[in-house]
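A.B. asks: Sharing a structure, written as structure tokens. Questions coming.
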């Protein structure tokens with residue numbers, strides 16, 4: 001009885017009660033607590049930034065909708081994903097859970113309407129609803145007290161496309177947002193893919209004084225060098241992924257820190273290109289610099305490691321004024 005009572009009160013206990021072989025790690029406890037805060041109406045805008053395959057969708061899209069409908073069967077839930085197919089899969093899992101005997105023991109006041117049980121679009125007998133939609137899909141006539149967006153981009157390539165990013169943004173601002181009721185909540189779950197992905201734009205909007213979000217950033221490896229989910233991905237496993245992943249993808253997908261397309265050290269407009277060399281090597285075989293000053297030795301070595309060519313031009317203050325690549 002105590003377990004059943006707890007399963008009605010907290011997301012973690014509910015997920016534990018309704019999931020075979022699921023064990024809450026420190027990570028999952030943290031995620032579940034954020035959803036509990038939504039239920040307690042402490043926050044109404046929640047952003048969870050988490051690496052791939054770390055269990056976010058099981059909690060956020062397969063269990064939380066059933067939990068919130070169990071507590072209030074009049075809720076209207078909109079569940080959005082990059083594709084309608086994935087969103088409907090989540091909807092089928094939620095529907096089947098609500099239709100199960102263990103769920104009815106936990107929440108006997110919540111049941112499915114007999115005439116509305118399609119896998120991605122169904123109603124509760126108490127007047128609530130669940131609607132699964134792909135990003136870009138129509139929501140005409142739909143309202144939401146809970147809007148959940150689970151991975152707005154289908155692939156890394158999609159997120160690199162400005163056209164696709166703008167399409168996602170326009171759908172969020174022009175279609176989904178105005179369907180959320182004043183007392184409703186929006187939850188965004190994703191791993192970062194670009195500085196201007198949906199999470200990035202919302203964070204910039206927040207800085208400008210618009211919607212205030214609870215942003216929970218969960219890097220695969222913390223600043224202290226600890227794995228986020230060591231029971232599944234320990235440090236050796238993460239290191240193997242890192243060395244086999246492009247640095248931009250690792251930083252964004254796993255560390256939730258998308259880097260600029262142009263890089264952090266050099267911008268293309270700083271570079272000049274010449275067909276012929278404009279410098280001679282000194283007696284030690286190193287390129288010489290024009291100008292009154294030169295880079296300190298340690299700086300030169302650092303820059304050389306990032307530029308696969310010779311580097312010229314420093315000003316008298318030992319700072320790089322402009323870079324000239326000599327193509328040989």
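The values are calculated or read from the model by the stated rules, or taken from the named source; none is laboratory data. Treat the numbers as computed from the prediction; the structure is a model and nothing was measured. Virtual Cβ from ideal backbone geometry, glycine too; neighbours counted across all protein chains shown.
A.B. asks: Out of 137, 141, 70, 127, report the one residue that is modelled with pLDDT of 95 or more, more than 18 Å from the chain's Cα centre (by Cα) and on the phi > 0 side of the Ramachandran plot. So that I can check it myself, show each step before the final result.
C.D. replies: Working: 137 fails: on the phi > 0 side of the Ramachandran plot; 141 fails: modelled with pLDDT of 95 or more; 70 fails: on the phi > 0 side of the Ramachandran plot.
Of the residues listed, the single one that is modelled with pLDDT of 95 or more, more than 18 Å from the chain's Cα centre (by Cα) and on the phi > 0 side of the Ramachandran plot is 127.
A.B. asks: Taking helices (runs of 4 or more DSSP H) that do not extend beyond segment 1-117, which have at least 3 residues that are in contact (Cβ under 8 Å) with a residue 60 or more places away in the chain and over 28 Å from residue 199 (Cβ atoms)? Before the answer, list the steps.
C.D. replies: On the way: elements: 2-9, 11-18, 26-39, 64-71, 84-98, 101-106.
The helices (runs of 4 or more DSSP H) meeting that bar are 2-9, 101-106.
A.B. asks: Oh, and also: Would you mind stating whether residue 214 is surrounded by fewer than 16 Cβ atoms within 10 Å (Cβ to Cβ), assigned by TED's automatic domain parsing to the domain that holds residue 79 and within 18 Å of the chain's Cα centre (by Cα)? Before the answer, list the steps.
C.D. replies: Values: surrounded by fewer than 16 Cβ atoms within 10 Å (Cβ to Cβ): yes; assigned by TED's automatic domain parsing to the domain that holds residue 79: yes; within 18 Å of the chain's Cα centre (by Cα): yes.
Criteria met by residue 214.
A.B. asks: Which of the residues belonging to segment 42-74 are more than 21 Å from residue 95 (Cα to Cα) and in contact with a strand residue (DSSP E or B) (Cβ under 8 Å, 6 or more places away or on another chain)? Even if it seems obvious, please write down each step before you answer.
C.D. replies: Initial filter on segment 42-74 (more than 21 Å from residue 95 (Cα to Cα)): 42-54.
Matches in segment 42-74: 43, 44, 45, 46, 47, 48, 49, 50.
A.B. asks: What are the residues in segment 36-57 that are under 18 Å from residue 212 (Cα atoms) and within 16 Å of the chain's Cα centre (by Cα), if any?
C.D. replies: 45, 46, 47, 48, 49
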